[in-house]
Structure formats: C-alpha cells, structure tokens
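Values quoted throughout were computed directly from the atomic coordinates according to the rules given, and no laboratory measurement underlies them. Computed from a predicted structure; not experimentally measured. Reconstructed Cβ throughout: ideal geometry from the backbone, glycine too, with neighbour counts over all protein chains shown.
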Amino acid sequence: MKADVLLGLQWGDEGKGKIVDVLTPKYDIIARFQGGPNAGHTLEFNGIKHVLRTIPSGIFHEKAVNIIGNGVVIDPVVLIAEIEALIKMGVDVKAKLLFSKKAHLILPTHRLLDAASETAKGKEKIGSTLKGIGPTYMDKTGRNGIRIGDISAANFKTKYDSLVEKHKHILHQFNYEYNLSEMEPEWFKAIEELKKYQHIESEHYINDAIKNGKAVLCEGAQGSLLDIDFGSYPFVTSSNTICAGACTGLGLAPNNIGSVYGIFKAYCTRVGSGPFPTELHDTIGDNIRNNGREFGSVTGRPRRCGWLDLPALKYAVMINGVTELMMMKADVLSELDTIKICTHYIVDGKKLDYLPYDVVTKEIAPVYTELKGWKSDLTKINVLTDLPKELFTYIEFIEKEVKTPISLVSVGPDRTQTLIRHLKAVV
Ligand code: GDP
Ligand code: IMO
Ligand code: MG
C-alpha cells in the first residue's frame, strides 16, 4: 500500500491538523515529515480544542502510531510540554509516539540566533515564529547538527558544548545580549525526559509497514508557498514543505506515494512578512479575520487575510502533484454578498497566470472574477446536498480552473463539521 500525503497549499494554517484527525481512523501510521514547533495544528472534538506543535495530529486516536520523522526539528522543551498536556488528557503517548533518531534538535542557542537574526534584519525581517527553526536547519545542512540519536551517546555533552561555542561566536557578532544559563536547565531536563521515549530508525519502520500493507498518512507542516525552494523566498520557512519533503523527511521513495491531499482555505491568509498579492486591507479583510478567528495558533499574531489566489493555488497543485483538494473554512465567508477569486495577475502591464520569480520585488496586480455569496450559515449542515447552490458554483469554478477535484468541504473547526464529496481514500 502506498503512503498518502496531506499538506497545505497556501501560507500555512489551512486546517491540516483538523483533517489529519478526521482521516486518522483509516490509517495505521501518521508521520510528520518536516517543520517543528513553528507549526500549530488545531483539532477540535467533543468540545475540546487542542493545538499540536510537533506531535502528529493522529495522536488522539486509539489505534494509530504517530511518528516524528527525520525531517522534523525538535525543541525538547516544547515537545515535553506538549506530551505532558496530552498525558493529562489521558493519551498514552509513550505507546503511540515514535521518534526518528535522525530528527535534529533545536538548541536554546538556535532560538537566540533566530531572534538575533530577525532583530538584525529590522524592517526586512521574515516574521519568523522565533522557535529556532532556521538556525537548526542551517546547522543540519552545515553538518553541525545534533540529532535525537545522539542524546544517549557518551559524547553528547561535548557535542552540545562545541556547537554552543560556535553559536556564541555568531551571537557575539550580532552583538546580541542573552542569558543562556537561564535557558539550559529546562532544556537538559527535557532531554532526560525525551530519553524515556522510543527512538527508532523510522525509515525502516515506515517502509516495512508499507510492505506489510499498512496505511500511512504523511502530515505536512506550514504550506507550499512557504517552501524553502518554491515559496516566496526569502519570506519562507527553512524546510521543504511540499510533497517531496515527505520523501526526504521520512525516507519514502517517490513511487511509494499514493494520494496527495492538498488543503486550502476558501480564501487566503498569511502570518509574517512577504508578498501576498490578494491581501485585503479593508473591512472585508477584518471581517474574514474575525469570523475565521485568524490569529496565529503559535504566536497569536493577527493573520493577514485576502481573497483566494488561483495562480498560487495552481502552482502549489503542480509542485505537489495534488490528486485531491480539500477546501476549508467556507463558513467564514457566509456573510459576504459577493466573493472574489483571483484568476490571474497583471505584472509589468502583462497578464500572468502564475507566481513569477520576482514576486517579492515586482508589483503584482490581481485580477478577479466575482461570484455571488451564499449568505447562509454552513456550520450546521451535515449533508452535502444541503450546501447552498452558490457554494457549489464556487467549488466548481475552482475545480475547473485548477483541474483537480475538491473531495472534502469543511464548514467549521469541529471534527464533525466535515462534508465528504468523493474522497478516493477510505472515508
Ligand atoms: P493548520 O496549521 O493547517 O493545522 O491550521 P491551524 O490549526 O493553524 O489553523 C486553522 C484554524 O481554523 C484552526 O483554528 C481550526 O480550528 C480552524 N478551522 C479548521 N477548519 C475550519 C473550518 O472549516 N471552519 C472554521 N470556521 N474553522 C476551521
Ligand atoms: P502550520 O504548520 C503559518 C511562517 C512564519 C514566518 C515564516 C518563517 O501551523 O501551518 P519560521 O518560524 O519557520 O522561521 O517562520 O513562516 N510560518 C507559518 N505560518 N503556519 C505555520 O505552520 C507556519 N510556520 C512558519 O510566520 O512568516
Ligand atoms: Mg497552524
């Protein structure tokens, strides 16, 4: 059986956590393949709202094994806090959570470096979540990183000291003030806790599972437009958020990938800096932010809101080989009389139907088609055919433009507020 991949097609926060949770009963293994505690994946069920950062979103289900893959970067302090919160809720984390030995560790100094780098950038800052993500991936590719598999080795502390020494030199160059001794005790305490969990060679585990007919769902973090290669560089995160990231972040061969579920909101949001062609700076944008509770689940920052951007969506569908789309948060647009969709851009006086290389520097004027709003509450609808016809028009317009089916429509944050159209997989 091939592994399916679920990932975000926009700038993150599309609702990946909710859908992984909805799909988990049909899978044996849920595996996160990149990112780290910069992610915040929200699940709502039985009146509980829970935000996961590093732990895969299948953790609340009885059966599924959850794997943190080699492509993920782990902050032990954040992770142990996450685990403790789950244990309090009665989740048997020890039995169900496995770590790749090859996943890299976020050190306290990585967080300091993130903050120092952003401060030095001033107005040009990326708008990082300041969780140490960029510096940790830099040490990984620079071949200086420390991995989960190192924490039980005799030379772990020596490795740590040597890397911290390097970081101190850089922090000195940034002229950045810090108090490392305040951060280290909780970090080492969390490392001790981490030792109690199962550290495995997850690429073998996952490939064996696939051979034995187990169903695997790979969970992405962030979104395709934040991808280090294909996002709006440099306003991106530091990992491959796209489908290929599931291959490198878990040790999956490309021919072992089955369905690719692309999650997108019925509009767009972005948190942090960087280009956003369809951004709204008016009361409609405020209305979407308030109705959609568009405030970062990690940093609490207000998310920038705008209309759905089809050139960007088509680009993400192409890069990821999306087989099925899932549209989230249509309910948030319910108050609007008309809804705009960007079909192409005007750049340098010319029509363009894709995101250009110089998206960061060029003026990009979106061109819209306007559709009639559905003006009705969707949140209590539990039969697909009860959805208003204007919403079907919206859905079909997108499907035609993007040439990919929308298999699932989400009409609220809760597990139950999910309408399946024609999902190939399983449900
Ligand atoms: P993720 O990072 O992709 O998992 O998404 P986040 O959890 O950061 O952000 C999505 C937010 O939208 C969360 O607060 C979810 O509870 C919420 N959400 C998910 N699906 C829907 C939906 O269909 N309608 C509404 N109104 N909220 C939703
Ligand atoms: P989930 O998985 C939305 C954004 C940050 C910043 C940029 C770089 O919840 O969708 P980083 O901390 O990675 O150096 O920040 O990327 N960003 C996210 N935006 N959702 C996320 O994750 C994000 N993770 C990072 O706001 O603009
Ligand atoms: Mg999020």
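Quick one: grab the alpha carbon gyration tensor of segment 164-291, order the square roots of its eigenvalues as a ≥ b ≥ c, and give me rounded if a/c is under 1.5, else prolate or oblate depending on whether a/b is larger than b/c.
Verdict is oblate for segment 164-291.
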Legend entry - Amide proton proximity set for residue 31, modelled H, under 5 Å, gap of 5+: 67, 217, 218, 219
Legend entry - Pairwise Cα inverse-distance average, inverted: Kirkwood Rh of segment 226-323 (Å): 14.9 Å
Inset, instruction - For segment 90-148, restrict the atom set to alpha-carbon positions and state the Rg and Dmax in Å. - result: 14.7, 46
Inset, instruction - Could you give me the radius of gyration and the Dmax of segment 147-232, taking only the C-alpha atoms into account and expressing both in angstrom? - result: 18.8, 55
Legend entry - Surface/4 estimate of mean projected area, convex hull on alpha-carbon atoms of the chain, nm²: 20.2 nm²
Inset, instruction - Give the order of 204, 167, 41 when sorted by the count of other beta carbons within 10 angstrom, beginning with the fewest. - result: 204, 167, 41
Legend entry - Globularity index of segment 202-264, i.e. its alpha-carbon radius of gyration over 2.2 N^0.38 Å: 1.22
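Find the relative contact order for segment 283-385 and round it to a whole percent, using C-alpha pairs within less than 8 Å whose residues are 6+ positions apart.
Relative contact order for segment 283-385 comes out at 26 percent.
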Legend entry - Helix-only mean residue ellipticity at 222 nm for the chain, each DSSP H run of n ≥ 4 adding -39500 (n - 2.57), per residue, nearest 500: -9500 deg cm²/dmol
Legend entry - With eigenvalues of the C-alpha gyration tensor scaled by 5 and rooted, segment 310-427, Å: 28, 18, 11
Legend entry - On Cα atoms only, tilt of 180-194 relative to the major axis of the chain in degrees: 80 degrees
Inset, instruction - May I have the convex hull volume per residue, in Å³, for the Cα set of segment 254-381? - result: 148 Å³
Inset, instruction - Quick one: angle between helix 389-402 and the longest Cα principal axis of the chain, in degrees between 0 and 90, rounded to 10, please. - result: 60 degrees
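With contacts defined as alpha carbon pairs under 8 Å and 6 or more residues apart, what's the relative contact order of the chain in percent?
Relative contact order comes out at 20 percent.
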Inset, instruction - Only Cα pairs under 8 Å and at least 6 apart count here; give the relative contact order of segment 224-315 as a rounded whole percent. - result: 23 percent
Legend entry - Where GluC sites (Glu not before Pro) fall in DSSP loop in segment 320-411, at most 16 other Cβ within 10 Å: 335, 363
Inset, instruction - Consider just the alpha-carbon atoms of segment 99-185 and return their Rg together with their Dmax, both in angstrom. - result: 13.2, 44
Inset, instruction - May I have the pair-distance distribution P(r) for segment 360-410, computed from all Cα-Cα distances with 10 Å bins from 0 and rounded to whole percent? - result: 19, 43, 25, 11, 2
Legend entry - Anisotropy class of segment 47-143 from Cα gyration tensor, a/c 1.5 cut: prolate
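By its C-alpha gyration tensor, with a ≥ b ≥ c as the square roots of the eigenvalues, how is segment 382-427 shaped: rounded for a/c under 1.5, else prolate for a/b larger than b/c, else oblate? It would help to have the intermediate numbers written out before the result.
Values: a/c = 2.03, a/b = 1.26, b/c = 1.61.
Taking the square roots of the gyration eigenvalues as a ≥ b ≥ c, segment 382-427 is oblate.
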